[in-house]
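Just below is one structure, and these are the notes that go with it.
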Amino acid sequence: MARSSRNPFGFGPYVVTFFTTVIYAGLFAALIVTHHVLPPTPSTPTPHAWPGVNITQAWHDLDHLSSAYHPFNSKDNVAVRSWLLARVGSILDANKVEWKEAAEHTKTALPVTVFDKDVSNVTYTDPRGYTVYYESDNIMVYVRGAEDKEGEWWLDKTTYDGPGGVLVNAHFDSVSTGFGATDDGVGVISVLQLLSHFTKLENQPHRGILFLLNNGEEDGLYGAKTFTRHPLAQFPRSFLNLEGAGAGGRATLFRSTDTEVTRFYAKSPRPFGSVISGDGFKRGLVKSGTDYSVFVDDLGMRGLDVAFMEPRARYHTNQDNARETSVESLWHMLSAALTTVQGLSSDTSDQFERPSEHEHGSSDKASGSTGVWFDLFGRAFAVFQLHTLFALSVTLLVAGPIFLIIFDVTLHKTDKWYLFSRKRYLHSSDDDEPVKFYGWRGFFRFPLIFVLASGIVFALAYLITKVNPHIVYSSEYAVWSMMLTAWLSTAWFFFRLGDAVRPSALSRAYVLIWLYTLSWLGLVAATIGEQRWHLGSGYFLIIYNAAVFLALLISYLEFFALPKKSVYVEQVTYASQSALPSPTRSNSLVSHNAVDHDDASRGRAPLANDNEDADERTSLLGSRQTFTRYGRETRRPDDNDDAAASIHPPVASQAYEGEQGWSGSLPSSLWLLQFLILAPVNLILIGQLGLLMTSALHQTPADGSPVLLVYLLIAATSVLLLAPLTPFIHRITYHIPTFLMFVFIGTLVYNLVAFPFSRTSRLKVFFLQQIDLDHGNNTVALTGLSPYLEAIVSQLPSAADNGYHCAGPDYKFWAFRAGLDSCSWTGPAPNVVPTAYKPHQPGMPYPNSTVSLALARRQAQTAKYATWLDFNITRPASKNATKRDYVFDIRGSNTRACRLYFSHPFANLSISNAGDKAAVMKPGRSDEAQRVYLYSRDWDAKWSVNVTFDHEAEKRHDGVEGRVMCVWSDVNQVSTVPAFDEVKHFMPVWSAITKNSDGLVEGYKHFTL
């Protein structure tokens, strides 16, 4: 490598340090800002590009919607539904559009029809294997498209055969412990704004739009499931699902069915997301469920899942409120939804039509190509087909090595293949001293250092997991800083040490060869994933491999600037011969020229002499005299000497200090082109993926997910981010790595000793209270991470007074959650039924001198619970001796949700009041335990459940035992569930409470058949 002290772009220490630092620091900052800073809202609350949209009104609606907990099993859920219907009516009236409710009869079909009385019922087996009966109270608004089929086609008994439309879905229920601002309030408000836009007279869509506001999503996607039984379910051909799996930030494209539908989202003003999240769902790595799966699996539709994904710590807690989100988050989802729905409803082609043989309720998805997508700084969005990615992968895997082999052969033929070259003689080993090329110098440096630095980073992941495993929960960037600085400072030190001891002009080329080998192997794995499992997450490996290939190609091209090895050997040989010491010129035992002769014959560039200023490359033992003038000839060739005419001045004097002498002719500025090809694009793509994965995963250990995986992913991503720097790292000055070493030490200490939770990143603990209504036993359970769970429970007065018991994740009882500990104790009794026990009521036990106060209280509680749940079991007469039929009549007070638990599998089950076509269900699980979940649209409802058992199996198990349970979820009024209020009041500020099950209180009674 030629000296570059006077070249502002040369491969010198300060130049390399400047460019690498500026580009890495600048891109890191840009990525973090893009990830966390939301795009601004329009300057006016009523954007001119979207008539009918009012951002201020949308924010006011969100504030109203999220003013109270509104789970399905709460009175506020009913109030929210009524409010939504009123808002729909006011929007349609304000737009002066003709509309009607579905039950009204009109002479002609109107532009808008509101379905406010959904009477769809569904009985099915859910993914857990449980039998579910659910009565729908969804809200649906049909906006007729210009090309839709005329008339009220949903009243026809035949299959719909007109052009399909677009479904836009959001759920209006929240969880019992969250206000639902982003899960799914922003989605619901976006639907209202979409309705306002598309019901403007000038905005009538070409294809109709069906707006679905479903209920019961949080309990098990029940609203979407009942929609599949509605006649309107035949109409949509594509869909957009708006969801929330976090509590703010940017709305991310979670997943998509295919390339074609994703292209409509790509036109959004600020698209955001990566196919890696979709692949996570596809491979079962993401456990969350959304209505997207129902629309795809049950209806065969093609569509998109757009959702919030961070911060996970606020998800399903009381921090999911309007105060913790922002109008910018609202606009980010709304603007994406407007653009996507506009595109889908304007598409008049038949590309999204369902197959003609499609049957209602079947899951045969219409044709579409698997897509790959990712955003760039939240502004541009790349979308292409998976088979395109596969073709590119195969092309790179084959063409890359072929091109490199061609260049290898060419360099060999031109006698410029210095890589792996050892030595050569001018004529023969008998006549000449060897001229050494040192072509192997630095070849093994990269794998050794790479393994060492990466090993340290992964060892840190295991260390933090052992010592302070949950620090990533609140301090993810401290973990990132530790990993990045550890790898960089370690790699720099050993690369710099190797360069100081054995400098090599081939260091950059050899590092690129190793990087190409590793990226090629990674691309092989990605290609297998593309072909076998249809995964597109390896798209960054294609770009990684291509960038390394181009950078390596430049290194190969640099070798063409070198002299032929034969010419170089002549130069060095003649230069060394001309420099032989004359006996008459020196009486010393070892002359300076003798040392110079050795350097020249070895093909090594001279080092700086004593007169030059010392710098970081100066030998620790001081300067030494070197031969610095290869170009001066003392030999006098004859005029007829052809060999002499071919000899050019040697280039060793221009080589970088200590490097091979032949490297003086290498261009000194092409490194910058290599760096610009190699680093920025990979830093952007991998950095975005790293931030996306961190946001999605770093707070999931509170849900029971393994924390080690988070650290391993950060470690692996850190290595991928910094690997493009390794070809140039040996030229970076000590200033930056030394500073980063101190950063590493500081972050390591912090990550080992700091408390992992804070007010802004609260640890979630899961609450559930169970009541044995037969005996009055009352147990409260909190489930969460140990030892922090014990610290929370110990501060609760009822737990401290009555004592508590904690068990690890292997102890499976009714509050069990995988990967988490549980603590239980006797807590204050709930008051979820209005007709609560009143002291001294006639007929209730009254304490006296002969009855203990504790016994009297228990008897009073048992009597109090008696009205919470009523059930009756009858056995109808049957002529079938092999079967036993039972009818369970169940009614819960002040609730809309009850359950049945059976100790052994049933043969058949049906719900008497499920409608005209009551489904007959088989057991959904092969094990003994069976559950039946019952949901009603009405309060204090009665269910009649017909259950058939195999008589032989019943005798084999000595009968069937079980429980009838009802659940209560409404804690908007203080003292309804005092145990819940107690936990909220006394728990530390670094913790938050969330629900462990569909209900917060479960009351049950036993039965035996």
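The values are calculated or read from the model by the stated rules, or taken from the named source; none is laboratory data. Quantities reported herein were computed from a predicted structural model and do not represent experimental measurements. No Cβ is skipped: glycine too gets one built from the backbone with ideal geometry, and neighbour counts run over all protein chains shown.
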Within the range 125-162, which residues are within 37 Å of the chain's Cα centre (by Cα), among the small types (Gly, Ala, Ser) and over 12 Å from residue 230 (Cα atoms)? 129, 145
Of the conditions (1) of a type in the set (Gly, Ala, Ser); (2) farther than 15 Å from residue 720 by Cβ; (3) buried (at least 19 other Cβ atoms within 10 Å of the Cβ), residue 561 satisfies every one except a single condition; which number is it? (3)
I'd like the full set of residues that are surrounded by 22 or more Cβ atoms within 10 Å (Cβ to Cβ) and of a type in the set (Lys, Arg), limited to the range 978-1009. 995
Can you name the condition, by its number, that residue 786 falls short on among (1) in contact with a Leu (Cβ under 9 Å, 6 or more places away or on another chain); (2) of a type in the set (S, T, N, Q); (3) in contact (Cβ under 8 Å) with a residue 40 or more places away in the chain? (3)
Out of all the residues in the range 318-356, which are closer than 30 Å to residue 987 by Cβ and of a type outside the set (A, V, I, L, M, F, W, C)? 318, 319, 320, 321, 323, 324, 325, 326, 329
Residue 368 passes all but one of the listed conditions (1) in the same structural domain as residue 546 (by TED's automatic domain parsing); (2) outside any helix (DSSP H, G or I); the exception is number (1)
Taking the residues in the range 298-322 that are in a loop (DSSP other than H, G, I, E, B) and acidic (Asp, Glu) as candidates, determine which candidate is farthest from residue 231 (Cα to Cα). 310
From 264, 239, 281, which residue is part of a helix (DSSP H, G or I), farther than 15 Å from residue 693 by Cβ and not small (Gly, Ala, Ser)? 264
I want to confirm something. Restricting to the range 98-121 and keeping residues that are modelled with pLDDT under 95 and hydrophobic (A, V, I, L, M, F, W, C), which single residue is nearest to residue 938 (Cα to Cα)? 119
Among the numbered criteria (1) at negative phi; (2) surrounded by fewer than 24 Cβ atoms within 10 Å (Cβ to Cβ); (3) not polar (S, T, N, Q), which one does residue 151 miss? (1)
Can you name the residue in the range 109-124 that is hydrophobic (A, V, I, L, M, F, W, C) and over 33 Å from the mean Cα position of the chain (by Cα) and, of all such residues, is surrounded by the fewest Cβ atoms within 10 Å (Cβ to Cβ)? 119
Looking at the structure I just gave you, is residue 295 in contact with a strand residue (DSSP E or B) (Cβ under 6 Å, 6 or more places away or on another chain), assigned to a loop (DSSP other than H, G, I, E, B) and modelled with pLDDT of 95 or more? no
Inspect all residues belonging to the range 433-456 and state whether any of them is within 30 Å of residue 819 (Cβ to Cβ), of a type in the set (A, V, I, L, M), within 23 Å of the chain's Cα centre (by Cα) and in a helix (DSSP H, G or I). no
Are any residues in the range 85-143 in a loop (DSSP other than H, G, I, E, B) and basic (Lys, Arg), and if so, which ones? 96, 107, 117, 128
Within the range 357-368, restricting attention to residues that are exposed (fewer than 15 other Cβ atoms within 10 Å of the Cβ) and either under 18 Å from residue 278 (Cα atoms) or of a type in the set (Gly, Ala, Ser) (or both), which residue is modelled with the highest pLDDT? 367
Across (1) in contact with a Gly (Cβ under 8 Å, 6 or more places away or on another chain); (2) at pLDDT below 90; (3) among the aliphatic types (A, V, I, L, M), residue 621 clears everything bar (1)
What pairs come up if the first residue lies in the range 727-745 and is more than 20 Å from residue 672 (Cα to Cα), the second is of a type in the set (Val, Ile, Thr), and their beta carbons are under 8 Å apart, counting only those six or more places apart or on different chains? 735/17; 740/485; 741/485; 743/485; 744/485
Looking at (1) among the β-branched types (Val, Ile, Thr); (2) touching a Ser or Thr at 6+ places or on another chain (Cβ under 6 Å); (3) within 30 Å of residue 20 (Cβ to Cβ), can you tell me which one residue 783 breaks? (3)
Only residues that are charged (D, E, K, R) and either surrounded by 22 or more Cβ atoms within 10 Å (Cβ to Cβ) or touching a residue at least 40 places away in the same chain (Cβ under 8 Å) (or both): list them for the range 440-478, please. 441, 445, 476
Flag for residue 373 being at negative phi, surrounded by 20 or more Cβ atoms within 10 Å (Cβ to Cβ) and not assigned by TED's automatic domain parsing to the domain that holds residue 231: yes
Residues of the range 15-44 being surrounded by fewer than 14 Cβ atoms within 10 Å (Cβ to Cβ) and either in contact with an Asp or Glu (Cβ under 8 Å, 6 or more places away or on another chain) or under 19 Å from residue 505 (Cα atoms) (or both), in sequence order, are 40
Taking the range 7-59 only, how many residues are in a loop (DSSP other than H, G, I, E, B) and touching a Gly at 6+ places or on another chain (Cβ under 9 Å)? 3
Would you check if residue 164 is among the small types (Gly, Ala, Ser), modelled with pLDDT under 95 and touching a Pro at 6+ places or on another chain (Cβ under 7 Å)? yes
Output the number of residues of the range 163-179 satisfying the condition of being more than 33 Å from the chain's Cα centre (by Cα) and either closer than 30 Å to residue 86 by Cβ or buried (at least 21 other Cβ atoms within 10 Å of the Cβ) (or both). 0
Of the residues in the range 945-977, those that are surrounded by 17 or more Cβ atoms within 10 Å (Cβ to Cβ) and either of a type in the set (A, V, I, L, M) or under 24 Å from residue 772 (Cα atoms) (or both) number 15
